[in-house]
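The values are calculated or read from the model by the stated rules, or taken from the named source; none is laboratory data. Small disclaimer: the values here were computed from a predicted structure and weren't measured. Cβ placement follows ideal geometry from the backbone for every residue including glycine, while neighbour counts extend to all protein chains displayed. Heavy atoms of the whole protein, side chains included, go into the accessibility calculation; ligands, DNA and RNA do not. Shrake-Rupley method; radii C 1.70, N 1.55, O 1.52, S 1.80 Å.
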Amino acid sequence: QVQVVESGGGLVQAGGSLRLSCAASGSIYRVNAMGWYRQAPGKQRELVARVSSSDGTNYAESVKGRFTISRDNSKNTVWLQMNRLKPEDTDVYYCNAYVTYWSGTTTYTDTYWGQGTQVAVAS
């Protein structure tokens with residue numbers, strides 16, 4: 001009923017910038033919190049940044065001052081602007097959306113993940 005699709009990853013030199021985008025679509029009643037997580041091979045997925053439905057944000061300590069999360073509720077879209085990238089930011093980045101959706105005449109709430117987008121930062 002709900003799809004989450006990311007875009008915007010790629011290869012960049014250290015110190016450069018990338019902007020990730022994520023859009024949720026489907027039988028959506030309301031998109032609640034949205035966020036970005038990242039995961040390296042063999043490691044746990046970790047929170048990078050998150051924005052609530054009231055635009056409250058929180059960030060991992062390692063990205064504070066470099067990354068900015070923002071959203072457009074009318075488009076069910078969230079962005080992650082990543083500046084001053086470092087090689088240690090190299091990971092697969094996943095979008096997460098906590099969505100209330102319609103199924104028939106009833107609403108349900110669940111968490112959805114995108115397929116992931118690779119970010120690689122060369123030193």
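Taking the solvent-accessible surface of protein heavy atoms with a 1.4 Å probe, what is the per residue accessible area of the chain in Å²?
52
Where the accessible area of the chain is counted over protein heavy atoms with a 1.4 Å probe, how much of it, in %, is carbon and sulfur?
Carbon with sulfur: 46 percent of the solvent-accessible area.
Using only protein heavy atoms and a 1.4 Å probe, report how much of M82 is accessible, in Å² to the nearest 10.
About 0 Å², rounded to the nearest 10.
Identify all aspartates and glutamates with a Cα-Cα distance to K64 below 12 Å; exclude those on the same chain that are fewer than 8 residues away in sequence.
Those aspartates and glutamates meeting the cut-off do not exist here.
First check a/c for the chain, with a ≥ b ≥ c the square roots of the eigenvalues of its C-alpha gyration tensor; if it is under 1.5, answer rounded, and if not, answer prolate when a/b is larger than b/c or oblate otherwise.
It is prolate, given that a/c is not under 1.5 and a/b is the larger ratio.
What is the extension gain from Q44 to T100, computed as 0.36 nm multiplied by their sequence separation minus the C-alpha to C-alpha distance, in nm to one decimal?
Residue separation times 0.36 nm, minus the Cα-Cα distance, leaves 17.5 nm.
Mind checking the dipole of the chain: about its Cα centre, +1 per Lys or Arg Cβ, -1 per Asp or Glu Cβ, Debye to the nearest 20?
Numbers: 12 positive and 9 negative charges, 34 e Å.
Its charge dipole is roughly 160 debye.
Counting only the backbone N, which residues of the range 72-96 are under 15 Å from the spot 7 Å out from the Cα of A120 toward its beta-carbon?
87-93
At a 1.4 Å probe radius, which order do K64, K86, K75 fall into by accessible area, largest first?
These residues rank, largest area first, as K75, K64, K86.
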